[in-house]
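Each remark here refers to the structure printed beneath this line.
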Amino acid sequence: LSSQVHGYTSGGQGVPTTTQGRVPFVEKFPFSNESLTTQIGSLSYGRNEGTGHQSPTHGYTIGGFGGYQLVDKFPLSNDTPISSLSNIPQNRWRGAAISSLTDAYVAGGRTDFQFTNITNDIRKFQFSADGGWADIGDLTQARDQAAGTQSTTHGYSAGGQFIAPGPSPATYNTIDKFSFASNNNATDVGDLIFNLQQGVGQSSTANGYISGSQSYGNHIQKFPFSSDANAQDVGDLSLGRE
């Protein structure tokens, strides 16, 4: 998650000090200097593979393995206790995390814990209401472990995989795009430089970035928001990671 002045990380898979190594901690670090993170609180439950979102005033963590249907919220302006909101009515983990100024979006992901149900739906959670969980459209493929980015007007889901009992797993290079202004299905607007899962998405005002991938890839890819185009390889991470 990001405010204007800090980066945040919430939850995750860490040292096994909690249930199966899932940690509840929320930490932040400043953009103004290079320093260690500061722990500012804890989620209501240790979890990993949930989605992180930011409104102009708050950070949110939605769902996650071990966190089931919980939504936690914390202010970005000060380090105060984290509050747990009403549950979303459906399990969701390994989705792509996307945020507009008014809503959180979770694109794709898993809806059960038996590794059998991967969805293509795009769900919206309203910041102003601290609730709601509306199905507003579909991705072009059902997948999880995709990377989410956002412009001021659209959300993007890039890459991901489909793995379930039956056929061999499929990994995708698809860049899907959907509008924040209307409830419509996503459209395929470009391709990553290769099929990938477990990359992470970042957004500037002009471009989406996907960094890292499964099998400890180190590529940094960039695609423009102003036009529908394929991604380009623009550099490398210091270490390959997923």
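Values as computed for the structure displayed
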item	result
Carbon and sulfur %, accessible surface of the range 39-95 computed with the full protein complex present, 1.4 Å	47
Using θ = phi - 60° and Karplus 6.51 cos²θ - 1.76 cosθ + 1.60, couplings along the range 193-207 (whole Hz; Gly, Pro as x)	6, 7, 5, 7, 9, 6, x, 10, x, 10, 10, 9, 6, 10, 9
Probe 1.4 Å, accessible area per residue of the range 76-180, Å²	38
Selection from G95, G52, N78, by position along the positive dipole direction of the range 47-131 (Cβ)	G95
Alpha-carbon centroids, the range 91-130 and the range 185-213: separation in whole Å	17
Summed side-chain charge close to N207 - residues other than N207 whose Cβ falls under 14 Å, Lys, Arg +1, Asp, Glu -1	0
Packing rank of 77-83, 228-234, where each peptide gets the mean count of other beta carbons within 10 Å, highest leading	228-234, 77-83
Per residue, in Å², the accessible surface of the range 6-71 once ligands and nucleic acids are set aside, probe 1.4 Å	48
Protein accessible area in the range 142-242, 1.4 Å probe - carbon and sulfur %	48
Pairs of Lys in the chain closer than 23 Å at Cα, counting only those 8 or more apart or on different chains	4
Computed magnitude of the charge dipole of the range 1-147 (debye, nearest 20; Cβ of K, R +1, Cβ of D, E -1)	160
Given charges at beta-carbon only (K, R positive; D, E negative), |dipole| of the range 55-134 in Debye	180
For the range 87-103, 3J(HN,Hα) per residue [Karplus equation, 6.51 cos²θ - 1.76 cosθ + 1.60, θ = phi - 60°, Hz, x = Gly/Pro]	5, 6, x, 8, 4, 7, 8, 6, x, 8, 8, 9, 9, 9, 5, 10, 9
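The values are calculated or read from the model by the stated rules, or taken from the named source; none is laboratory data. It should be emphasised that the depicted structure is a prediction, and the values quoted were computed from it without experimental measurement. So basically every Cβ, Gly included, is an ideal-geometry build from the backbone, and we count neighbours across all protein chains shown. The accessibility values were calculated without ligands, DNA or RNA, using every heavy atom of the protein model including side chains. Shrake-Rupley method; radii C 1.70, N 1.55, O 1.52, S 1.80 Å.
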